[in-house]
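A.B. asks: Can you read through this structure? Questions will come right after.
The values are calculated or read from the model by the stated rules, or taken from the named source; none is laboratory data. The model shown is predicted, which means the values in this text are computed figures rather than measured ones. Here the Cβ is made from the backbone with ideal geometry for all residues, glycine too, and neighbour counts use every protein chain on show. Ligands, DNA and RNA are stripped out before the accessible areas are found, and what is left, the full protein with its side chains, is counted by its heavy atoms. Shrake-Rupley method; radii C 1.70, N 1.55, O 1.52, S 1.80 Å.
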Amino acid sequence: MQLSKDQETPPSPPRSPPPKLSTVACPSRKPRERTSSPFSEVLRRKRPPMLNRELFPQAPPWSKEPVKTPPYEDVEAEKDGVYSVYCKRGRRRWMAMEDRYSAVVDHDGGGRRKAFFGVYDGHGGSNAAEFAAKNLGNNIEAAVAAARSGEDGYSIERAIREAYLKTDEEFLKEGSGGGACCVTALISNGELAVSNAGDCRAVISRAGVAEALTTDHSPNQENELIRIRASGGYVDCHHGVWRIQWTLAVSRAIGDEYLKKWVIAEPETRTLKIKPELEFLILASDGLWDNVTNQEAVDVVRPYCIGVENPKTLTACKKLAELSSTRGSLDDISVIIIQLKHHLAMVNSSWTKSHIEAIWRIPERIRRVYPPSLPLERSTDSPVFISVAQFRPEKAHMLQGLFTSLKKLERDVPRPKLQFVGSCRNESDEERLQKLKDRADELKLDGDVEFYKKAMYRYAGMHGMIDEHFGISVVEYMAAGAIPIAHNSAGPKMDI
């Protein structure tokens with residue numbers, strides 16, 4: 001799975017805090033005054049000595065030439081309704097776009113769909129984000145494949161962790177400087193694995209309810225503060241923002257060589273099975289989440305994706321970015337929306353499910369669903385049986401069945417009618433229809449059989465084929481409130 005073709009240079013205010021996490025409040029700005037918290041002793045510790053400036057690469061002198069920015073303002077991409085990407089450059093015009101993204105949809109050797117998506121928010125330049133966009137997905141794929149080949153103690157979480165750390169190690173060897181927060185999503189075999197390092201976030205819509213799948217890594221989180229302190233790091237609050245060594249406001253990222261002792265690249269990963277109630281996934285940089293809550297994001301996206309014939313996820317991406325921007329964001333904003341329904345196969349019968357499992361070999365991704373049955377009041381008039389679809393020759397056996405049944409019908413029972421409903425695409429279809437009419441005349445059923453190219457459904461529908469799955473006709477019967485009558489075999493036998 002190569003990431004080269006779909007990588008583009010893409011790209012936040014009160015941020016919604018992660019649930020169930022303890023944080024340390026920013027201290028008062030009065031001299032030597034600190035907030036009371038279990039970690040207030042951290043704030044009273046002696047500040048560390050200044051970093052040795054000679055260790056840092058010397059920046060070139062300021063140039064009198066105007067700063068050159070990329071030739072584009074925004075980046076957008078989409079693929080077959082599976083995902084959409086929109087990256088909006090921040091309003092700091094003197095800064096180039098530092099966000100990057102990756103998006104790849106592929107199939108494995110068994111014809112099963114797999115996909116990888118990532119949003120990378122660079123800081124101190126775009127080098128780390130660029131490197132992660134090009135290499136992290138490939139490293140994850142290689143680590144997962146290696147772990148599966150061993151099988152013993154296989155863990156996708158451990159494989160992704162190793163890939164993140166390898167990408168970080170490889171980037172540090174380049175000595176490019178800067179860092180990048182990451183959020184990635186790996187979809188394979190009907191399973192979703194979401195990982196992050198930093199404050200990029202993943203939010204999923206579960207039947208319209210927003211659920212954060214990641215936790216923002218910031219220095220004021222209880223567990224992060226303990227870790228940084230244990231390794232000799234210093235955390236302080238300046239102008240309302242918690243920072244490590246007075247510099248970085250995130251506690252995990254790829255890169256950041258001079259803070260690597262405290263800013264780790266180890267991700268947190270959550271895995272879950274893709275189920276029908278999981279509608280779509282949003283991956284975005286903090287440029288969005290600093291200004292838009294999780295539920296607000298889902299509420300904005302859902303009308304463009306759910307219950308519509310042609311989902312407009314790219315429009316939804318743009319709406320999110322515009323919302324954050326209008327609320328004052330100056331940061332780059334990168335958003336990916338992934339439609340999860342494309343990673344499920346839905347069938348309407350057990351018979352069909354067994355065949356799909358045999359052909360596609362994806363039992364964990366197949367869901368059996370049924371159309372609604374409407375409890376309607378029925379008339380006592382003569383019943384009408386409807387056969388829907390093309391006027392194929394094999395439908396003549398329905399005429400023979402009706403002829404046999406009418407012979408056994410008691411006189412006080414209303415005489416039923418059989419209606420054939422279908423379409424004629426060409427002269428051959430017209431000939432088939434005429435042959436069915438001729439056969440009805442031969443059986444003297446001309447008053448009991450009607451042929452329609454278009455007709456309204458009435459009371460009952462006949463699905464007379466043998467060893468067939470439900471067929472669209474049965475779905476239409478049920479949706480229209482008609483009683484489906486089908487042959488006692490295959491799908492109807494197993495599921496009706």
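A.B. asks: Can you list residues from other chains, or at least 5 along the same chain, whose modelled amide H is less than 5 Å from the amide H of Ala486?
C.D. replies: Close amide H contacts, sequence-distant or interchain: His463.
A.B. asks: Scan around Ser387 for amide H atoms under 5 Å from its own, H built in the peptide plane at 1.01 Å from N, and keep only partners 5 or more places away or cross-chain.
C.D. replies: Gln419, Phe420, Val421, Met462
A.B. asks: Mind ordering 438-451, 75-88 by average Cβ neighbours within 10 Å, highest first?
C.D. replies: Output ranking for 438-451, 75-88: 75-88, 438-451.
A.B. asks: If you don't mind, another one. Whole number in Å², please: accessible area per residue of region 227-309, 1.4 Å probe, ligands, DNA and RNA not counted.
C.D. replies: 39 Å²
A.B. asks: Non-local amide H neighbours of Ala96 (under 5 Å, H modeled in plane, Pro and chain starts lacking H): which ones?
C.D. replies: none
A.B. asks: Only Lys, Arg, Asp and Glu count, each charged at its Cβ (+1, +1, -1, -1), so figure out the dipole size of region 405-449 about its Cα centre, rounded to 20 debye.
C.D. replies: It comes to approximately 260 debye.
A.B. asks: Taking θ as phi - 60°, what are the ³J(HN,Hα) couplings along region 415-426 by the Karplus curve (6.51, -1.76, 1.60), each to the nearest whole Hz, with x for Gly and Pro?
C.D. replies: Per residue, the Karplus-derived 3J(HN,Hα) values read 6, x, 10, 10, 10, 9, 10, x, 9, 10, 8, 7 Hz.
A.B. asks: What is the local net charge at Lys260, summed over the other residues whose Cβ is closer than 13 Å to its Cβ (Lys, Arg +1; Asp, Glu -1)?
C.D. replies: -2
A.B. asks: Next question. Could you pull out the pairs from Lys114/Lys261; Lys114/Lys312; Lys417/Lys493; Lys353/Lys437; Lys173/Lys318 whose alpha carbons sit more than 30 Å apart here?
C.D. replies: Lys114/Lys261; Lys353/Lys437; Lys173/Lys318
A.B. asks: Right, another one. Mind listing the phi-derived Karplus ³J(HN,Hα) values for region 311-319, rounded to whole Hz, using 6.51, -1.76 and 1.60 with θ = phi - 60°, and x for any glycine or proline?
C.D. replies: Along region 311-319, the couplings run x, 10, 5, 5, 4, 5, 4, 5, 4 Hz.
A.B. asks: For every other residue with a beta carbon closer than 13 angstrom to the beta carbon of Gly175, add +1 if it is Lys or Arg and -1 if Asp or Glu, then tell me the sum.
C.D. replies: Combined, the nearby Lys, Arg, Asp and Glu give -3.
A.B. asks: Also, I was wondering about something else. Taking θ as phi - 60°, what are the ³J(HN,Hα) couplings along region 293-303 by the Karplus curve (6.51, -1.76, 1.60), each to the nearest whole Hz, with x for Gly and Pro?
C.D. replies: 6, 4, 5, 4, 4, 5, 5, 6, 6, 4, x
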